[in-house]
Amino acid sequence: DTEVTQTPKHLVMGMTNKKSLKCEQHMGHRAMYWYKQKAKKPPELMFVYSYEKLSINESVPSRFSPECPNSSLLNLHLHALQPEDSALYLCASSQLAGVRTGELFFGEGSRLTVL
Amino acid sequence: GNSVTQMEGPVTLSEEAFLTINCTYTATGYPSLFWYVQYPGEGLQLLLKATKADDKGSNKGFEATYRKETTSFHLEKGSVQVSDSAVYFCALRSGTASKLTFGTGTRLQVTL
């Protein structure tokens with residue numbers, strides 16, 4: 001099983017809503033990542049978790065709150081978002097963080113629209 | 001720091017044409033190099049990778065060779081198909097944190 005599963009695939013929310021994006025992998029990977037991708041742009045790293053601990057936060061606004069409840073699950077909690085936060089949010093995993101030879105496995109993404 | 005430069009797209013080819021997408025990089029330390037592909041409305045899939053100089057990565061008819069002397073990792077395919085239409089991202093991992101650094105992506109459109 002080489003899958004990273006993300007839910008929901010599409011999410012529309014207002015600026016006052018609270019919602020969550022979920023990501024799951026069963027490859028035994030110990031590193032998980034959140035990326036944000038705007039249209040016609042490459043993915044931008046937001047957060048890295050290594051062994052369920054947050055290891056990298058790329059100065060992401062606090063309205064995005066990541067959580068890693070266990071080694072298979074990664075959540076991104078969303079609150080008081082702005083319309084410019086509308087994007088494709090990609091989850092990824094790799095065997096370990098900080099290993100240059102390891103590839104990242106990406107999910108299909110959650111397409112978020114903020115009204 | 002690390003950076004990846006890809007040729008501007010879109011690249012439009014007829015089916016069965018030869019494909020080259022150029023990729024050059026700048027890295028601190030000794031990077032690993034990757035090509036990812038993104039089909040419309042989907043996430044990224046690893047296409048191929050190379051982890052040391054002169055390695056050739058290959059998959060589904062695509063190839064790329066890690067050239068340290070020219071800091072390049074150009075993607076090639078001998079005969080493209082309509083189903084290859086997608087956005088292709090060159091990327092590298094290097095350094096202590098080994099973050100994945102992407103190029104800007106090259107859109108490929110293959111027509112009949």
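The values are calculated or read from the model by the stated rules, or taken from the named source; none is laboratory data. Note that the structure is predicted; figures quoted are calculated from it, not measured. Every residue, glycine as well, gets a Cβ built from its backbone with ideal geometry; the counts of neighbours run over all protein chains shown. In case anyone asks, the SASA skips ligands and DNA or RNA and just uses the protein heavy atoms, side chains included. Shrake-Rupley method; radii C 1.70, N 1.55, O 1.52, S 1.80 Å.
General remarks:
- Segments classed as strands (runs of 3 or more DSSP E), wholly inside the stretch B:5-45, with at least 3 members that are at pLDDT 95 or above and facing chain A (nearest Cβ under 10 Å): B:32-38
- Flag for B:Ala17 being aliphatic (A, V, I, L, M), under 30 Å from B:Gly95 (Cβ atoms) and surrounded by 12 or more Cβ atoms within 10 Å (Cβ to Cβ): no
- Residues in the stretch B:74-99 that are within 14 Å of another protein chain (Cβ to nearest Cβ) and under 13 Å from the mean Cα position of the chain (by Cα): 7 in all.
- Residue within the stretch B:34-49 that is open to solvent by 20 Å² or more (accessible area, probe 1.4 Å), touching a residue at least 40 places away in the same chain (Cβ under 8 Å) and over 27 Å from A:Glu108 (Cα atoms) present: no
- Evaluated against (1) open to solvent by less than 10 Å² (accessible area, probe 1.4 Å); (2) more than 17 Å from B:Thr26 (Cβ to Cβ); (3) touching a Ser or Thr at 6+ places or on another chain (Cβ under 9 Å), B:Tyr66 falls short on exactly one condition, (2).
- Screening the candidates A:Gln25, A:Gln82 for the property of being under 18 Å from B:Leu44 (Cβ atoms) and touching a residue at least 40 places away in the same chain (Cβ under 8 Å) yields one hit, A:Gln25.
- Selection of strands (runs of 3 or more DSSP E) fully inside the stretch A:1-95 by the criterion of at least 2 residues being buried (at least 19 other Cβ atoms within 10 Å of the Cβ) returns A:4-7, A:18-25, A:31-37, A:44-50, A:64-70, A:73-79, A:87-94.
- Every condition in (1) open to solvent by 50 Å² or more (accessible area, probe 1.4 Å); (2) modelled with pLDDT of 95 or more; (3) within 14 Å of another protein chain (Cβ to nearest Cβ) is met by A:Val99 except one, and the failing one is (2).
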